[in-house]
Every structure is written in C-alpha cells, then in structure tokens.
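Some notes on the structure that comes next.
The values are calculated or read from the model by the stated rules, or taken from the named source; none is laboratory data. Remember, predicted model here, so these are calculated numbers, not experimental data. Neighbour counts are summed over all protein chains in view; Cβ atoms, including those assigned to glycine, are modelled from backbone coordinates with ideal geometry. Remember, those area values only see protein heavy atoms, side chains included, never the ligands or the DNA or RNA. Shrake-Rupley method; radii C 1.70, N 1.55, O 1.52, S 1.80 Å.
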Amino acid sequence: MIMTSNMTILSTLAGIGILMSGCSNELELPTYTGPKNPVEISPEDSDLLHFEGRAEPIDCGRNLVERFIKVANSNWGRTDKQSSSFVTYPDVCAWLGAFWFLEAAIDNAILTADDAARKEAISLMQGIVDRYDNVITGKATFGSGTPLYTGLLWRYDKGENRVDYYIWGAISLHIASIMDNPKYSGISWPQTREEYLEFGLQYAESQFHPYTFEEFKARFKDPASYDMGRVDPGKKYDLPQEKYNSWKGYLDKGYSWQPRLWIDDMFMITSLQMQAYQATKNDASYNTEVTYPGYNKLNNQNRFLDRAVREMKLYIEEIQGSGGLYWHSPSAQQFWARGNGWMAVGMPLMLQLIEDIPDYAAEAALLKDEYKRMMAALLNYQQPGGCWAQLIDYPTMWTETSGSAMFTYAFITGVKNGWLDADIYGSAARKAWNTLSGTYLDENYDLRDVCAGTGTGSTVGHYESRERTTGDTHGQAAMLWCTTALTELANNALADKTEK
C-alpha cells in the first residue's frame, strides 16, 4: 500500500515552509524556526570545512577507525555484551564506514601532499583488512574461543532467511572494488580479487535468485546450509507453501525474495547490491539478468545496480508515511529516528550512482524528490541542540544519536552534491555535527545514547522504552559516514582550489 501525503514543499530564498491539507494520516509539522533568509546565516554558521577539537573530521575519523579495530566483534551492535557467534549487520556498516572514511582521508593526503598522513591512513586500512581476514580465517573468536562463523547464507532464524545476514558479503565486494587502485599500494591483501569477489557475489546473487519451492526446502533441511555448519536437528525448518508463495510474489516482480518491509532491510539489500555493482561495473557480462517468471529486465545496466534501484523504489512505495518521513514498517507506523536514518543515508548513496544514467532518469527524479522532501521534514524537527528525538515527531522524547548522525550525513551529502541549500542545510549539519562530536562522543570515541537494536513496534512506548547504549556499532558506523562526507567535501574544495 502506498501511503500518500497531500503536502507541498516550498523551498525559496525566503525559507522553507510546509503546507498541509487534511488527511487522517497527515503529520503535523512544527513551524520552522531557523533563519528565514540565508543572509541571516553567517558564513561561520554554515561552514562545513573548518572544525576544531573532536569535530575535526579527519582526526575524528581516525580515532573512530582505531576504536573499531580494537573493539571485539559486537552482539547486534552492542559492544558491551559478549560477542555474537557471527558478524552482524551493524559491524558490517561500521566496516564499510571505515573503508569509506580512509579512502577519503587518503585522497585528502594526496591533495595536500601529506605523505605522513597517507601512510597513517594506509596503516589503518591494513588494520580493517586484517580484522576481516581474522574472521575469514578463523582467528577471530567468540565465547570460549570458538571461531566466528562465516557461512551466513541460509542462516536459520525463526523460519526466515533474514536479510540481516546477507550484507556480510558487502565487505569482500568492497575490497574487490578498490584493491587494484594504485592509491592503496602498500596494503597487503590476504586474498586475491577473484576470491573476494566470489565470496561476496554468492550473497548478492542468492538474494535475488528465483529458487523453486523444492530448492528452498532442500536448503532449509540441510543443517550445513541453514545453520552455518552447526548440526542441530531440532532447528530443521520445513518451509510452508504459503511462506514460499509470499517470497515468490516478490521474486516474480524482480525483487529480492527477502523483504520484510522493515525500513532497515531496504538499506541492507541495496547496500549489498550496490557493492556488487561497484565490484563488477566494468564487466559487461553482469549486464544481463536471470529471467524471472513474470519479470523481464528492461535495460542493459549492471544487474546489481538495477536490483538495488528496483528494491529502493519498492520500499519508498510501501513504507512511506506522511510529511516526508517513513514508517518502521507497514504494521509499525512510527517515525523511528534510526529507521528513517537508513532511508536518509540510502537514498543519496544511490542517487549519486544513478543521477547521470539516462536509463534511470525517472527513478533518479523520484529519488531526488523523496530525498529533498525528507530533508525538509527533518530540518523542521531538528532539536535546538542540533539532534533528533528517538521518535522524530515526539521532540520531547530522548535524543537518539545514531539516527541523528545519519541525518547529519544526509544533510552534508546534499550540500556536497548541490541538492540542498548550502546555507540552510549547512548550518543545520554543522550544528548537529558539533553536538554529536562534542557532547555525545566520549573519551574513547564511543557514541552515547544509541538506541539498542530494535524490532518493529506499534506503540510509542515500545520506542520510548528502548535501551540507550554507548559504543554500539550502529552509532559508530553513522559517525564514520559523517567524517567521510565532511572529508569528501573538503577534498572537493581542495581540488577546486588547485584547478584555479
């Protein structure tokens, strides 16, 4: 079901206003209280290039990466609990954030001819590559010293082959996409590009493969497949026909068979597929797709990018709430901060890839419109201190920092790409970043007040009562994304200065 809004957003030099018309599901947005004219915003207020102390992006990013390397594997993001038996998706997001930041930091060192800074960034990248290799080779352990499990395909979980596990393939795909770049010379890659690529693509391909009912059943009845090699007959799962039919309904339309229509699933599915695209975009053999019953691929684009675009559009249509914000799921109609954060980050990440591809002109226009509409809504809900509440439309609820960092990233990225007003959104991003780094980042570079991993809930109390954690990799990842966007913005300014 598409939940539409009768909202018109007007963005002019006179400010941003949001006009509402009557609808039972409409979101009452507060009046925007920021400067009504960019002239009233001083250059210092909207400056995203100059920061001091912990807010300095490159120094902050280095410390966040060092912290990630030192801390043990989390438990669904929690670093204050015993490690999970496998790598969970918040850690994968932090891994990707560490790579993205270090790539931007290396570019910065090259632009500034700072060889010492480049060597330091290369050393840190070796650290995150080695951490990944320690998992793959069994050196990383949990509990009483048992190696972490790495075969996350067909992971059993309450009768669901959940998307949470598949994003694990994104790390090896990202490594495959960058390891041949001479900028990263000096790094020792423990595996070949073909090995990294093969490992990651099994996740990306399986996520969209049109398995038959019998193929699914065979997988679920094989302990070595569904239970990561742990023989546990009590957990064998006999797939019901109705469950398969629900998956097949998505497959027949060219979507992944994994949607739960939870908002974070959108990010996990599209991120894996976009990493597969980055690793294969120069190989035309990946421009074809398996023909699904009832679905035919309509363009000659890389199949992984095409899948990501289709999936993003599905989630925009199915979980759109009102006023530019998104539900946690169709059955959990609450505007949870981190949930909306996945959309706020996922949309510009994809838009940067497809904006100039003619085959995706319509999708890019939709994405940009939805993104800008969401940013306008978030701007109105920004708290005076710079962050956002656990439930965005309950501004007196406690401040949630992982979602706040994601929104900050989205603002910075919009300014960097010229999609958002640099004065208005630059000012909002600067305020948020200074607060996150100066108030909520502790002496260990662990972010405080991060909402613990949260399933869907239909009540306000479900979200308000969630535990607040420190050092959770949901928050560490989002902070790394911010340092990446700020460093990329600085790099653009340096490159422009050099050209002049």
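Report, in debye and to the nearest 20, how large the dipole of the chain comes out about its Cα centre when Lys and Arg carry +1 and Asp and Glu carry -1 on their Cβ.
Numbers: 44 positive and 63 negative charges, 177 e Å.
Result for the chain is approximately 840 debye, rounded to the nearest 20.
With Cα Rg over 2.2 N^0.38 Å in mind, check [x] 0.94; [y] 1.83; [z] 1.43 and report the label derived from this structure.
[x]
Among residues other than A117 whose Cβ falls under 15 Å from its Cβ, what is the net charge (Lys/Arg +1, Asp/Glu -1)? List each step's numbers first, then the result.
Working: positive: R62, R118, K119, K183; negative: E56, D59, E66, E103, D107, D114, D115, E120.
Taking every other residue near A117 into account, the sum is -4.
On a straight-distance basis, which lysines could pair with K500 in a cross-link, Cα separation under 29 angstrom, same-chain partners fewer than 8 positions away excluded?
By straight Cα distance, K500 reaches K119, K183, K416.
Grab the Cα-Cα distance for E242 and T291, subtract it from 0.36 nm times how many residues apart they are, and report the gain in nm with one decimal. The partial results should precede the final answer.
On the way: separation 49, 0.36 × 49 = 17.64 nm, distance 2.29 nm.
Using 0.36 nm per residue and subtracting the Cα-Cα distance, I get 15.3 nm.
What accessible surface, in Å², does a 1.4 Å probe find on R54, ignoring ligands, DNA and RNA and rounding to the nearest 10?
80 Å²
Can you give me the long-range amide H partners of T141? Hydrogens built in the peptide plane at 1.01 Å from N, cutoff under 5 Å, separation of 5 or more residues or another chain.
Close amide H contacts, sequence-distant or interchain: L148.
Can you give the relative contact order of the chain as a percent, counting alpha carbon pairs under 8 Å and 6+ residues apart?
On the way: 861 pairs, mean separation 104.8, N = 500.
Dividing the mean separation by the residue count of the chain yields 21 percent.
Under the rule of at least 5 residues apart or a separate chain, name every residue whose amide H is placed under 5 Å from the amide H of T469.
Answer set, sorted by chain and number: D449, V450, C451, A452.
Calculate, axis by axis, the spread of Cα positions in the stretch 461-500 along the three principal axes, and write the results as whole Å, longest axis first.
Here the Cα extents, ordered largest to smallest, are 55, 19, 8 Å.
Amide H of F86: which non-local residues (sequence gap of 5 or more, or other chain) have their own amide H closer than 5 Å, using H built in the peptide plane?
Excluding prolines and chain starts, which carry no amide H, the hits are Y149.
In square nanometres, what is the average projected area of the Cα convex hull of the stretch 253-314? Provide the component values of the computation, followed by the final result.
On the way: hull surface 16.4 nm².
For the stretch 253-314, averaging the hull's shadow over all directions gives 4.1 nm².
Debye sum, Cα scatterers, the stretch 94-171, no solvent: what log₁₀ I/I(0) at q = 0.13, 0.22, 0.27 1/Å?
Each listed q maps to, in turn, -0.56, -1.01, -1.20.
Taking the solvent-accessible surface of protein heavy atoms with a 1.4 Å probe, what is the per residue accessible area of the stretch 232-327 in Å²? Please report the intermediate quantities before stating the final value.
Numbers: 3560 Å² over 96 residues.
Ligands and nucleic acids excluded, the figure is 37 Å² per residue.
Any number yet on Rg/Rh for the stretch 325-421, C-alpha, Kirkwood? Walk me through the numbers on the way to the answer.
On the way: Rg = 13.6 Å, Rh = 13.7 Å.
Rg divided by Rh gives 0.99.
Based only on Cα atoms, what Rg/Rh ratio does the stretch 361-412 have, Rh being taken as Kirkwood's radius?
Result: Rg/Rh = 1.06.
Taking 2.2 N^0.38 Å as the expected size of a compact globular protein, what ratio does the Cα radius of gyration of the stretch 280-370 give against it, to two decimals? Numbers along the way, then the final one.
Numbers: Rg = 14.7 Å, N = 91, 2.2 N^0.38 = 12.2 Å.
Scaled against compact globular proteins, the figure is 1.20.
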